[in-house]
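Notes follow the structure.
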Amino acid sequence: MKTIYLIPFGAADEEIFASVELSLWHSFGWEVRRLPALEEPGFAFEPQRRQYSSVLILRMLQSVFPADALRLLGVTEGDLFIPMLSFVFGQAQLNGGLALISLARLRQTFYGLAENNAVTAARAVKEATHEIGHTFGLTHCLDAGCPMSLSNTIWQVDRKREELCPKCAFLLQEMPAWKSQSRP
Amino acid sequence: MKTHWQIMVVDDEEIMRESLAAWLREDGYHVETAVSGRQAIERARRQNFAIYFIDLKMPGGYDGIETMMEIKKLHPDASVIIITAYATVDTAITAMKEGAQEYIVKPCNPEEISMLVSRIIKVKNLQRENMILRKKLTRNYSFRDIISKNARILEILDLVREVAGLRSTVLIQGESGTGKELIARALHYSGDRARKSFVCVSCAALTESLLESELFGYEKGSFTGATAQKKGKFELADGGTIFLDEIGDISSKLQMDLLRVLQERKFYRVGGTEEVEVDVRVIAATNLNLRKAVQEGKFRDDLFYRLNVIHIPLPPLRERKEDIPLLVEGFIERIAHEQGKELREISEGALEILMNYDWPGNVRELENAVERAVVTCKTPLLTESNFSFLHQPAEPREWAIPTHLTLEEAEKKIIQATLQRLEGNIKETAQVLGIDRSTLYEKIKKYNLSRP
Ligand SMILES: [Zn+2]
Ligand SMILES: [Zn+2]
């Protein structure tokens, strides 16, 4: 059976991964499994920006895409960027197999606050759902409470719910990338 | 309203070009890319794009500014955004003089690009809508996006025109989906506050503390996550209008805070010691019977009377069914455009289904139904089959406590039923069952339960 795989870069934080796995299963319905962790993606590190190139990491993920994978979601602690933008929370291939999220800016410590794993886990759930939603062809939702809405700030991430809004949940079922998969 | 608009990204550097294009596509735009100025100009000869992102520095042939000037010759009103590195800001200023809409220095804050793009698209949408409206029949029946020929709605619109210029508080009461926000917007944009902000807050969507900081703003350090001072919606609406939707759901503490703002037009930011003074018109809306909530002691009577200075009761869609054909026509027009579909009409039979349906979710449900039908429609005509999903909800079933099950079987059934009732919402299901989410997930796996 086709599976959505998660792949941690570096040690996986149990609470965060368990929450993400459960939510992805719930929102999308496919089995979710975790692959053994990879090393931190040093190959994608850009010393001048002190950030990781999300394009290079996605390219690398392509080379480890499991045969029975429906989707592969990389999860890194590294702060991600694309050349045009100062940062991205994550990136995905629209209608493709790969997605990537960064926990760096989802952690309270990034904003000078005390670490709170439950908060990070809730944020990771929303961003993972968002990026996997893109891989099935969903684009940004205008409902600011929907995980498919665009967030450029952590404030906007926190305003989202964890479940897709009814409209996105419906649109998902109409997406060619979704329909082409036989349901589990 | 995005998918129709096309964007062009011009850059010789592959990663830069493709990653920006991918980012914009995630936002729902159709994006094409060009590796050189020459290629971009060729494409622009065949079709115009809503926005052109052009890198300033490109080797060989046309650079960014030359490319822009060629495109401007083809499409004088093209919106061009010049992308530049820090080193070349001076040249970018030249670009502005030559007619670039904007220049951005990379790497740029994602929020800036989002806002820039949506600002340009909003203008394009308005231009397009005005054009359509000018030639449309429905304009006889429309006032500021409200389409109706129903006598009660027309009376309400007269009232809106009459009181638009006042600062008096308005309370709009109507079932959800009846268009309360549209009425609020009409009030704002028909009065002399139109040039100031119209700020919307949905009071039910947020927890008490989030709503408080959303309304009144907060000072840096006033709570976890408050890393900088933030203005609240009341401040953002200064000089304009604030629309408080689902006002019936706010806590008693916030009811008191709100009463104070209405009385004194002053408030404190969360964690603040300095009073902030604002000139804001308050329009509140609710789907509840607030008068009844007052009688039951759930809503402060003094706040109710402050809010209820002008009362606008909105009828549900089932009481204004004559508007359904007009509304449907408008929705088809807009949604087909968004989806890039050549869809123009609805069959008699389909319209009959819509006329006979009860619309518990009102105009919003009608809009969603049309959208859903348009998505699945493969021909230029919407027919009955496109609306087959419309059916009245079934009666809830009674259930008796079973006495023939093992505890495990009962547990399985209870989890399954709760999941179904909450439409698979894991978080709420876990809450209702009083277990944490990972326990719930384990049990779901153990009992091999299906996802509703
Ligand atoms: Zn949504
Ligand atoms: Zn996105």
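The values are calculated or read from the model by the stated rules, or taken from the named source; none is laboratory data. Everything quoted here is computed from the prediction, not taken from an experiment. Note that each Cβ is placed from the backbone with ideal geometry, even for glycine, and that neighbours are counted across all protein chains shown. Side chains included, ligands, DNA and RNA excluded: accessible areas come from the protein's heavy atoms. Shrake-Rupley method; radii C 1.70, N 1.55, O 1.52, S 1.80 Å.
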Can you name every one of the helices (runs of 4 or more DSSP H) wholly within the range B:229-339 that holds 2 or more residues which are in the same structural domain as B:E181 (by TED's automatic domain parsing)? B:233-236, B:252-264, B:290-295, B:301-307
Please find, within the range A:71-84, the residue that is nearest to the chain's Cα centre (by Cα) out of those that are under 22 Å from B:P107 (Cα atoms) and more than 14 Å from every other protein chain (Cβ to nearest Cβ). A:T76
Among the residues in the range B:139-146, are any within 21 Å of the chain's Cα centre (by Cα) and either aliphatic (A, V, I, L, M) or part of a helix (DSSP H, G or I) (or both)? yes
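Mind counting the residues in the range B:190-232 that are among the acidic types (D, E), more than 10 Å from chain A (Cβ to nearest Cβ) and within 25 Å of B:D249 (Cα to Cα)? Full working, then the answer.
Step one: list which residues in the range B:190-232 are among the acidic types (D, E), which gives B:192, B:208, B:212, B:214, B:219.
Narrowing the set further to residues that are more than 10 Å from chain A (Cβ to nearest Cβ) leaves B:192, B:208, B:212, B:219.
Subset that is within 25 Å of B:D249 (Cα to Cα): B:208, B:212.
Qualifying residue count for the region: 2.
For the range B:110-132, which positions are within 11 Å of chain A (Cβ to nearest Cβ) and surrounded by 15 or more Cβ atoms within 10 Å (Cβ to Cβ)? Quick ask: steps written out before the conclusion?
Within the range B:110-132, the first condition is being within 11 Å of chain A (Cβ to nearest Cβ), and the residues that meet it are B:110-115, B:117-118.
The answer is B:P110, B:E111, B:E112, B:I113, B:S114, B:V117.
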Of all residues in the range B:306-333, which are within 24 Å of the chain's Cα centre (by Cα), in contact (Cβ under 8 Å) with a residue 60 or more places away in the chain and open to solvent by less than 30 Å² (accessible area, probe 1.4 Å)? B:I312, B:L314, B:P315, B:P316, B:L317, B:D323, B:L326, B:L327, B:G330
When A:R123 is evaluated against the numbered criteria (1) within 15 Å of ligand 2 (Cβ to nearest atom); (2) surrounded by fewer than 22 Cβ atoms within 10 Å (Cβ to Cβ); (3) more than 8 Å from every other protein chain (Cβ to nearest Cβ), which criterion, by number, is the only one it fails? (2)
A:N117 is checked against (1) modelled with pLDDT of 90 or more; (2) within 16 Å of ligand 2 (Cβ to nearest atom) and fails just one. What number does that condition carry? (2)
If you check A:F87 against the conditions, is it touching a residue at least 24 places away in the same chain (Cβ under 8 Å), away from ligand 2 (no atom under 12 Å from the Cβ) and facing chain B (nearest Cβ under 9 Å)? yes
Looking at (1) within 22 Å of B:R185 (Cα to Cα); (2) touching a helix residue (DSSP H, G or I) at 6+ places or on another chain (Cβ under 9 Å); (3) of a type in the set (V, I, T), which is the only condition B:V270 fails? (1)
Restricting to the range B:361-387, and then to whatever is within 14 Å of chain A (Cβ to nearest Cβ) and not in a helix (DSSP H, G or I), can you tell me which residue is modelled with the highest pLDDT? B:G361
Among (1) away from ligand 1 (no atom under 16 Å from the Cβ); (2) buried (at least 19 other Cβ atoms within 10 Å of the Cβ); (3) more than 8 Å from chain B (Cβ to nearest Cβ); (4) free of Cβ contacts under 8 Å to residues at least 60 places away in the same chain, where does A:F110 come up short? (2)
With the checklist (1) at pLDDT 90 or above; (2) buried (at least 17 other Cβ atoms within 10 Å of the Cβ); (3) not hydrophobic (A, V, I, L, M, F, W, C) in hand, flag the one item B:E42 doesn't pass. (2)
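Quick check on A:I101: is it within 9 Å of the chain's Cα centre (by Cα) and within 16 Å of ligand 1 (Cβ to nearest atom)? Please lay out each step first, then the result.
Details: within 9 Å of the chain's Cα centre (by Cα): yes; within 16 Å of ligand 1 (Cβ to nearest atom): no.
So A:I101 fails the test.
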How many residues of the range B:320-343 are at pLDDT 85 or above and basic (K, R)? The answer is 2
Only residues that are at the interface with chain B (Cβ under 9 Å from one of its Cβ atoms), closer than 21 Å to B:R364 by Cα and surrounded by 20 or more Cβ atoms within 10 Å (Cβ to Cβ): list them for the range A:146-170, please. A:E163
Is there any pair linking a residue in the range B:31-49 that is touching a residue at least 12 places away in the same chain (Cβ under 8 Å) to one that is part of a strand (DSSP E or B) and open to solvent by 60 Å² or more (accessible area, probe 1.4 Å), with Cβ under 7 Å and at least six apart or on different chains, and which? none
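What strands (runs of 3 or more DSSP E), lying completely within the range A:7-88, carry at least 2 residues that are under 30 Å from B:I104 (Cβ atoms)? Steps first, answer last, please.
On the way: elements: A:31-34, A:51-53, A:69-76.
Where strands (runs of 3 or more DSSP E) fall fully within the range A:7-88 and carry at least 2 residues being under 30 Å from B:I104 (Cβ atoms), they are A:51-53, A:69-76.
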Being basic (K, R) and in a loop (DSSP other than H, G, I, E, B) is the filter here; which residues of the range A:97-116 pass it? A:R107
Going through (1) modelled with pLDDT under 90; (2) within 11 Å of ligand 2 (Cβ to nearest atom) one by one, A:Q173 fails only at (2)
Can you tell me which of A:L70, A:L38, A:L61, A:L103 is more than 16 Å from ligand 2 (Cβ to nearest atom) and surrounded by fewer than 17 Cβ atoms within 10 Å (Cβ to Cβ)? A:L38
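Determine whether B:I172 is open to solvent by less than 20 Å² (accessible area, probe 1.4 Å) and part of a helix (DSSP H, G or I).
Numbers: open to solvent by less than 20 Å² (accessible area, probe 1.4 Å): yes; part of a helix (DSSP H, G or I): no.
Spelling it out, it is not the case that B:I172 is open to solvent by less than 20 Å² (accessible area, probe 1.4 Å) and part of a helix (DSSP H, G or I).
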Total residues in the range B:46-68, condition within 36 Å of the chain's Cα centre (by Cα) and of a type outside the set (V, I, T): 11
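Answer yes if at least one residue in the range B:54-61 is farther than 16 Å from B:Q6 by Cα, at pLDDT below 90 and small (G, A, S), and no otherwise.
Within the range B:54-61, the subset farther than 16 Å from B:Q6 by Cα is B:55-61.
Checking the rest, the ones that are also at pLDDT below 90 come to B:56-61.
Pick out the ones that are also small (G, A, S) and you get B:60-61.
There is at least one residue in the range B:54-61 that is farther than 16 Å from B:Q6 by Cα, at pLDDT below 90 and small (G, A, S).
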Are any of the residues in the range B:299-311 under 17 Å from B:C203 (Cα atoms) and in contact with a strand residue (DSSP E or B) (Cβ under 7 Å, 6 or more places away or on another chain)? yes
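With respect to A:L94, determine if the residue is of a type in the set (A, V, I, L, M), open to solvent by less than 10 Å² (accessible area, probe 1.4 Å), part of a loop (DSSP other than H, G, I, E, B) and within 11 Å of ligand 2 (Cβ to nearest atom). Reasoning before the result, please.
Details: of a type in the set (A, V, I, L, M): yes; open to solvent by less than 10 Å² (accessible area, probe 1.4 Å): no; part of a loop (DSSP other than H, G, I, E, B): yes; within 11 Å of ligand 2 (Cβ to nearest atom): yes.
Judged against the criteria, A:L94 is not a match.
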Members of the range B:1-23 that are more than 10 Å from every other protein chain (Cβ to nearest Cβ) and either closer than 17 Å to B:P59 by Cβ or buried (at least 22 other Cβ atoms within 10 Å of the Cβ) (or both): B:I7, B:M8, B:V10, B:D12
Please count how many residues of the range A:141-163 are under 14 Å from the mean Cα position of the chain (by Cα) and within 13 Å of ligand 2 (Cβ to nearest atom). 6
